[in-house]
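Down below is the structure, laid out as structure tokens.
The values are calculated or read from the model by the stated rules, or taken from the named source; none is laboratory data. Just so you know, these numbers come straight off a predicted model, no measurement behind them. All Cβ positions, even for glycine, are placed from backbone atoms using ideal geometry, and neighbour counts span all protein chains on display.
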């Protein structure tokens, strides 16, 4: 380490007249070793800061991982899982591994099927297998149950028979003629893998044929694309209705004094304090034929017969708009409150018409609030279940209704997860579009 010493300076020491010598030294530490040590210390300090930040957010990250990320990951993987046939009929699939799926299956496949059905006759695997194959061909469930009860093949004294493969084939055909149909064996053969796009394709009204080609499903079974389009139409309509009602209301609130604005916002937020079921039940009372709306219209002389406002699309729109209106007002109000009113006054003072000043100066500044409110309302709307189920008719049910149906009624987790996964994908696409829109708006601004 180098040091540079200045010339000693004589200084008086007070009233004694003595002279003291003071040496001033300035350290100019500029060697490579000291510079590298300083860098290491700075890196260590930054590492400690990052470690402390990670420790602070670790509980939240773990919570989101366990409550949000892991369930969604399980949902997405379950939509592609297809273990029922592969786990229940391993010997049968092995016997069908070289089958061309055009000619009748080999006799060895019947012997393997008898072995597999005997093994799962009294287990939960038989029910899962029957449900899965019944999705492929209606009526397969009864065929599996009937065949499993007959296993193993026995004589009149209930003693197991030792049959050759050809005799086993004859026994199966004698038990049910459907075992002689190639289509039933094709359904088993094409589900040999534990992973399959079956549920995802079914959610898009497509399927794999016996040879693995992707083809549209039968016209009478094509319902899910219509359900998705209906869901997006209802979500878009509700978003437009909430925007048309929420924009002027949010603008009016933003012009009030702080005290009055807080009072109105409390009234806007009152629906948040009430259960959705209670609000839906209230709309049933209001919209029914003998409800308040029809009574008021008939009493005023505008109508002679009550309007059909319940159990149709109209009731769904009215209730969902009412429930989701606060989610549109809040983002709009937060943006409008930050816009200085002097901008419009300046435009008017420069000769602009008041409406033109509002439309060309004020409205563009509220685009972030419009985008945030529309995205929030649309995402919440496409996931609604209770409101369409109680207020809508059969043609007003959305994707969430079928997710609940496959989860609670048919216990078809694969189909439920596939529908939910596609709905999640649509939501993520909307987030990406909104993110790009906001970034482009900021760059233009």
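Among 122, 107, which is the only one that is at pLDDT 90 or above and either more than 30 Å from residue 153 (Cα to Cα) or in the same structural domain as residue 137 (by TED's automatic domain parsing) (or both)?
107
Tell me whether the range 340-350 contains one or more residues that are free of Cβ contacts under 8 Å to residues at least 12 places away in the same chain, in a loop (DSSP other than H, G, I, E, B) and more than 24 Å from residue 252 (Cα to Cα).
There is at least one residue in the range 340-350 that is free of Cβ contacts under 8 Å to residues at least 12 places away in the same chain, in a loop (DSSP other than H, G, I, E, B) and more than 24 Å from residue 252 (Cα to Cα).
Quick one: how many residues across the range 200-225 are closer than 26 Å to residue 74 by Cα, touching a helix residue (DSSP H, G or I) at 6+ places or on another chain (Cβ under 7 Å) and assigned to a loop (DSSP other than H, G, I, E, B)?
Residues that pass the stated criteria total 2.
Just to verify a result, which residue in the range 146-173, among those that are farther than 23 Å from residue 97 by Cα and exposed (fewer than 11 other Cβ atoms within 10 Å of the Cβ), is modelled with the lowest pLDDT?
Of everything passing the filter in the range 146-173, 156 is modelled with the lowest pLDDT.
When you check residue 180 against the structure, is it within 35 Å of the chain's Cα centre (by Cα) and within 30 Å of residue 218 (Cβ to Cβ), yes or no?
When the stated conditions are applied, residue 180 does not pass them.
Okay, residues lined up against (1) without any contact (Cβ under 8 Å) to a residue 24 or more places away in the chain; (2) buried (at least 22 other Cβ atoms within 10 Å of the Cβ); (3) touching a strand residue (DSSP E or B) at 6+ places or on another chain (Cβ under 7 Å):
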| position | (1), (2), (3) |
| --- | --- |
| 312 | no, no, no |
| 334 | no, no, no |
| 354 | yes, no, no |
| 358 | yes, no, no |
| 396 | no, no, no |
| 415 | no, yes, no |
| 418 | no, yes, no |
| 423 | no, no, no |
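Tell me the residue from 85, 69 that is under 26 Å from residue 200 (Cα atoms), modelled with pLDDT of 90 or more and assigned to a helix (DSSP H, G or I), please.
85
Of the residues 249, 277, 244, 307, only one is without any contact (Cβ under 8 Å) to a residue 12 or more places away in the chain and either surrounded by fewer than 18 Cβ atoms within 10 Å (Cβ to Cβ) or touching a helix residue (DSSP H, G or I) at 6+ places or on another chain (Cβ under 8 Å) (or both); which?
None of the others qualify; the one that does is 244.
Across the range 156-179, what is the number of residues that are assigned to a helix (DSSP H, G or I) and over 19 Å from residue 143 (Cα atoms)?
Of the residues in that region, 3 qualify.
From the residues in the range 393-410 that are at pLDDT below 90 and outside any helix (DSSP H, G or I), which one is nearest to residue 275 (Cα to Cα)?
393
Of the residues 349, 334, only one is at pLDDT below 90, more than 30 Å from residue 401 (Cβ to Cβ) and over 23 Å from the mean Cα position of the chain (by Cα); which?
That would be 349, the only listed residue that is at pLDDT below 90, more than 30 Å from residue 401 (Cβ to Cβ) and over 23 Å from the mean Cα position of the chain (by Cα).
Which condition number in (1) free of Cβ contacts under 8 Å to residues at least 24 places away in the same chain; (2) assigned to a helix (DSSP H, G or I) is the one that residue 232 fails?
(1)
Listed residues 114, 145, 119; which is within 20 Å of residue 180 (Cβ to Cβ), part of a helix (DSSP H, G or I) and free of Cβ contacts under 8 Å to residues at least 40 places away in the same chain?
Residue meeting the stated conditions: 145.
Scan 381, 426 and give me the residue that is within 13 Å of the chain's Cα centre (by Cα), assigned by TED's automatic domain parsing to the domain that holds residue 331 and modelled with pLDDT under 90.
426
If I ask for residues that are under 17 Å from residue 414 (Cα atoms) and in a helix (DSSP H, G or I), which ones from the range 127-142 would you list?
Hits for the range 127-142 are 127, 128, 129, 130, 131, 132, 133, 134, 135, 136.
Just the residues that are closer than 21 Å to residue 100 by Cα and assigned to a helix (DSSP H, G or I), please, taken from the range 180-199.
Scanning the range 180-199 gives 180, 182, 183, 184, 185, 186, 187, 188, 189, 198.
Any chance the range 291-304 includes a residue that's part of a helix (DSSP H, G or I) and under 33 Å from the mean Cα position of the chain (by Cα)?
no
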